[in-house]
Amino acid sequence: MCGARPADKPPAAPQTTNHGGDGSEPVAPVPAASASEPGENSVRRIHFGSGFMEHFGFGRDFHLRIVLPEDLQMKNARLLCSWQLRAILNGYHQIVQQRMQHSPDLMSFMMELKMILEVALKNKQELYAPPPPPQFYASLIEEIGTLGWDKLVYVDTCLSTIKLKAEDASGRKHLITLKLKAKYPAESPDCFVDFPVSFSVSWTPQSSLISIYGQFLAALESLKAFWDVMDEIDEKTWVLEPEKPTRSATARRIALGNNASININVDPRHPTMLPECCFLGADHVVKPLGIKLSRNIHLWDPENSLLQNLKDVLEIDFPARANLEKSDFSMDCGICYAYQLDGAIPDQVCDNSHCGQPFHQICLYEWLRGLLTSRQSFNIIFGECPYCSKPITLKMSGRKS
């Protein structure tokens, strides 16, 4: 039940947990420590100050004792703490045990546990926060009714998460997710949308769901031209990447044929202006396109659609996916024989006009690195194409790991 607080438990004697691999339930700790000199069965005591706890809504001290073996190895240490601290760290057994196994020393372990406890305290605070007053629910139901129940897509049982839908002027469907806080409407809810730009809400204590929804609709209208441009590209060209673009995606990699493609990045605020362009493919195919772009850039007309402008300045017709034969645009990597590899598609192409075989960058890198005849100059590798044995060059970028 939302907002329920567990009953207080009576104090219990401190319990001991051994993390040497016996699988017993852990107890855990955190910051500032005072320690005795290392020795047999050394004891390190860690004390949680009230200031640290009050930051997370706990106004009392917690104590923890770490018992180290003679070799001071954390994996063989024992932890002792009160039931209150055990309750806070309930559910973090495996994480604590893992950190004990891998921490090189006590101080490293303490810092790891500090972060674990911060997360645990925050989650406990949110889980057991007092429920909002009855008027919170009454006013929220009234706001949804005024807005229209037909716009409601989802609401959770606590009425803290609400999803609303809307259509823009072109009939595209959009969602906005609202995360309401306990002090709503004094505090603005967190808003999540699939936009290519940030969505900031203007909010006052007198604001409501209706005002947020109105701002959401205004934002949809301001982005209509951008989505019109992207939809035209998606419908009339063969988009290679992303395979399933979201409404926030501003980039498209478009097939040009002959194992060549163009990657564009569109400005959401000025969608009909010249986008960032990058040609991918063999030099004998893409260099002429780059020359045309430079020569015809004065023809770019913001009054025309972005796709039409690209056709005009590049002097080409973009092939639609339905019109391209597999032989015209074979995108499988010539080394791993796959299209996608860890989310990447082949973007390296043999420059031999009689070959033109595409490769994933990482596949070609590994292939060339294994050849005795390959040589490297800074971030460029020179070698032979795996297919035609003609010279091939690979300029390594940040995409290669």
Qualifying residue in region 331-353 (condition: touching a residue at least 60 places away in the same chain (Cβ under 8 Å) and in a helix (DSSP H, G or I)): no
Output for region 263-293, where each listed residue is touching a residue at least 24 places away in the same chain (Cβ under 8 Å) and of a type in the set (G, A, S): G281, A282
Leading residue by the ranking (nearest to A186 (Cα to Cα)) among those in region 147-160 that are of a type outside the set (S, T, Y) and open to solvent by 50 Å² or more (accessible area, probe 1.4 Å): V155
Selected residue [in contact with a strand residue (DSSP E or B) (Cβ under 6 Å, 6 or more places away or on another chain) and either open to solvent by less than 20 Å² (accessible area, probe 1.4 Å) or in a helix (DSSP H, G or I) (or both)] from L371, L394: L394
S82 being surrounded by 13 or more Cβ atoms within 10 Å (Cβ to Cβ), modelled with pLDDT of 80 or more and of a type in the set (S, T, N, Q): no
Residue selected from region 195-224 under the condition over 24 Å from the mean Cα position of the chain (by Cα) and part of a loop (DSSP other than H, G, I, E, B), by the criterion farthest from S139 (Cα to Cα): S202
Verdict on F192 being over 19 Å from P134 (Cα atoms), in contact with a strand residue (DSSP E or B) (Cβ under 8 Å, 6 or more places away or on another chain) and not in a loop (DSSP other than H, G, I, E, B): yes
Filtered residues of region 99-113 (kept if open to solvent by less than 70 Å² (accessible area, probe 1.4 Å) and part of a helix (DSSP H, G or I)): R99, M100, L106, S108, F109, M110, E112, L113
Selected residue (criterion: modelled with the lowest pLDDT) from residues of region 254-263 that are surrounded by 18 or more Cβ atoms within 10 Å (Cβ to Cβ) and part of a strand (DSSP E or B): G257
Conditions (1) surrounded by fewer than 14 Cβ atoms within 10 Å (Cβ to Cβ); (2) within 31 Å of the chain's Cα centre (by Cα); (3) assigned to a helix (DSSP H, G or I); number of the one not met by A87: (2)
Residue selected from region 213-253 under the condition of a type in the set (D, E) and either touching a Pro at 6+ places or on another chain (Cβ under 7 Å) or within 24 Å of P358 (Cα to Cα) (or both), by the criterion most open to solvent (accessible area, probe 1.4 Å): E243
The listed residue being assigned to a helix (DSSP H, G or I), under 19 Å from C191 (Cα atoms) and hydrophobic (A, V, I, L, M, F, W, C), out of I116, I176, I144: I144
Some residue of region 226-237 being assigned to a loop (DSSP other than H, G, I, E, B) and not basic (K, R): yes
Failed item, numbered, when N76 is tested on (1) open to solvent by less than 30 Å² (accessible area, probe 1.4 Å); (2) over 30 Å from E187 (Cβ atoms): (1)
Considering residues of region 112-142 that are among the hydrophobic types (A, V, I, L, M, F, W, C) and within 26 Å of the chain's Cα centre (by Cα) only, the residue modelled with the lowest pLDDT: L127
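Rundown of residues vs (1) of a type in the set (K, R); (2) open to solvent by 50 Å² or more (accessible area, probe 1.4 Å); (3) at negative phi; (4) modelled with pLDDT under 80, yes/no style:
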{"position": "P31", "(1), (2), (3), (4)": "no, no, yes, yes"}
{"position": "P38", "(1), (2), (3), (4)": "no, yes, yes, yes"}
{"position": "F58", "(1), (2), (3), (4)": "no, no, yes, yes"}
{"position": "H63", "(1), (2), (3), (4)": "no, yes, yes, yes"}
{"position": "I95", "(1), (2), (3), (4)": "no, yes, yes, no"}
Filtered residues of region 292-333 (kept if of a type in the set (S, T, N, Q) and either at pLDDT 80 or above or touching a helix residue (DSSP H, G or I) at 6+ places or on another chain (Cβ under 8 Å) (or both)): S294, N296, N304, S305, Q308, N309
Contacts under 7 angstrom Cβ, first residue in region 294-307 being closer than 16 Å to V266 by Cα, partner aromatic (F, W, Y), 6 or more apart: none
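For region 268-278, what are the residues that are over 15 Å from K311 (Cβ atoms) and buried (at least 17 other Cβ atoms within 10 Å of the Cβ)?
Result: P268, P271.
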Checking N123 against (1) part of a loop (DSSP other than H, G, I, E, B); (2) surrounded by fewer than 17 Cβ atoms within 10 Å (Cβ to Cβ), the condition it does not meet: (1)
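The values are calculated or read from the model by the stated rules, or taken from the named source; none is laboratory data. Just so we're clear, the structure is a prediction, and the values are computed from it rather than from any experiment. Methodologically, a virtual Cβ is constructed for each residue, glycine included, from the backbone with ideal geometry; neighbour enumeration extends over all protein chains shown. For the accessible areas, the whole protein counts, side chains as well, though only heavy atoms, and no ligand, DNA or RNA atoms are used. Shrake-Rupley method; radii C 1.70, N 1.55, O 1.52, S 1.80 Å.
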